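The values are calculated or read from the model by the stated rules, or taken from the named source; none is laboratory data. Since we're looking at a predicted model, the values are computed, not measured. Note that each Cβ is placed from the backbone with ideal geometry, even for glycine, and that neighbours are counted across all protein chains shown.
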Ligand SMILES: [Zn+2]
């Protein structure tokens, strides 16, 4: 590395360590920020010589990054931004902290994918899904898909691992070839991770016609865009690889959505030459991810934490949660997005018949939604009150970002 980059990297590590020592989080944002101030090309310098995978999408990227890093770990040391700091400051900090590693797997905020592709020149990029998220400030889904597509046109060497079940992802991952401009079609490996949420992909991003669905298939009624055949699929409690071999997947993480994340991780690792048979046992080492899916025993209750930030992830959370008393907590602070109108995009009907408790800064917004949805509930002012209000046994907690962090703090920052 050039001298300037070495100094920047060293200062970045020190700043992050000081921030941690001062008890101000894990320091990855401030460390990366200072490093990039000293050397604006620091991320590119730290990426040089590493084989890198990027993981992006609206939902599941933190977990899929963790699973992919475990799978690629078959080959050697892997740098990763495991605290979910998924913008260039976080990537810079993660690589500076890891020192020299042959591999890196980085979670990337979907808005920054183009910038991070440019800086890191990855070997592979995994595209998980696109759905509405914080519409008071984030881009609409079709605009995100357009940004991704434009970014991939400039990086036709990168190997793409993409979700065949999401029409917006399929369209983004397949920009048209243009030999006159030197634009080759990208190399895409398709996985099928399922898509429970369809409300952001009824309209074809190519031609504006309706997208129709039947079983797992989908197709545009006005142009050739349709679901590609997936090479990696979830079958029963395992994953089918492109050769047709089935691998049983035993995870510590719940739900079919995490089996889909496991299939994605195996597909990412395969792009580095990792055989699924070698990687599959490593997926079991991933337990909770920054508190997500963590289980804590308190006063005879087994409390499980599920993070859900937007309509698509709430649907997945209902599917993962047991038929047990469920506490829902909603805040609308800056990291959550200030607008809670998305609660009306979520169908809470799956919770009927369960004991439902609500809390959080915006519990009353949730109360209105549940009332309209015909789901009885009880409001509690504090987490401890919820624990006392349910019988011994499982308590599922589903919360959005800062509400999740609040409850995690109550449980002594469980990981
Ligand atoms: Zn179309």
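Do we find a residue being under 12 Å from residue 328 (Cα atoms) and either over 22 Å from the mean Cα position of the chain (by Cα) or crowded, with 17+ Cβ neighbours inside 10 Å (or both) anywhere in the range 408-415? I'd like the intermediate steps shown before the answer.
Kept after step one, since they are under 12 Å from residue 328 (Cα atoms), are these residues of the range 408-415: none.
The answer is no; no qualifying residue exists.
Looking only at residues that are surrounded by 11 or more Cβ atoms within 10 Å (Cβ to Cβ) and in a loop (DSSP other than H, G, I, E, B) in the range 241-250, which one is farthest from the chain's Cα centre (by Cα)? Can you show your working first?
Applying the first criterion (surrounded by 11 or more Cβ atoms within 10 Å (Cβ to Cβ)) to the range 241-250 yields 241-242, 245-247, 249-250.
From what is left, the residues that are in a loop (DSSP other than H, G, I, E, B) are 241-242, 245, 249-250.
Working: 241: 22, 242: 24, 245: 27, 249: 19, 250: 20 Å.
Filtering the range 241-250 for residues that are surrounded by 11 or more Cβ atoms within 10 Å (Cβ to Cβ) and in a loop (DSSP other than H, G, I, E, B), the one farthest from the chain's Cα centre (by Cα) comes out as 245.
Within the range 393-406, if we keep just the residues that are closer than 9 Å to residue 301 by Cα and in contact with a strand residue (DSSP E or B) (Cβ under 6 Å, 6 or more places away or on another chain), the residue that is surrounded by the most Cβ atoms within 10 Å (Cβ to Cβ) turns out to be 395.
Residues that are under 17 Å from the mean Cα position of the chain (by Cα) and part of a helix (DSSP H, G or I) within the range 115-137 comprise just one, 116.
Among the residues of the range 260-273, is there at least one that is outside the structural domain of residue 408 (by the TED database), part of a helix (DSSP H, G or I) and free of Cβ contacts under 8 Å to residues at least 40 places away in the same chain? So far as the range 260-273 goes, no, none of its residues is outside the structural domain of residue 408 (by the TED database), part of a helix (DSSP H, G or I) and free of Cβ contacts under 8 Å to residues at least 40 places away in the same chain. Contact map, the range 225-236: first residue at positive phi, second residue away from the ligand (no atom under 14 Å from the Cβ), Cβ cut-off under 9 Å, separation 6 or more or different chains; pairs are 236/246; 236/248. One residue stands out in the range 204-240 among those that are more than 9 Å from the ligand (Cβ to nearest atom), assigned to a loop (DSSP other than H, G, I, E, B) and touching a strand residue (DSSP E or B) at 6+ places or on another chain (Cβ under 9 Å): the one that is nearest to residue 280 (Cα to Cα), namely 237.
Taken over the range 364-382, the criterion of being surrounded by fewer than 20 Cβ atoms within 10 Å (Cβ to Cβ) and under 19 Å from residue 333 (Cβ atoms) is satisfied by 364, 365, 367, 381, 382. Looking at (1) surrounded by fewer than 20 Cβ atoms within 10 Å (Cβ to Cβ); (2) within 16 Å of the ligand (Cβ to nearest atom), which is the only condition residue 155 fails? Residue 155 satisfies all of (1) surrounded by fewer than 20 Cβ atoms within 10 Å (Cβ to Cβ); (2) within 16 Å of the ligand (Cβ to nearest atom) except (2).
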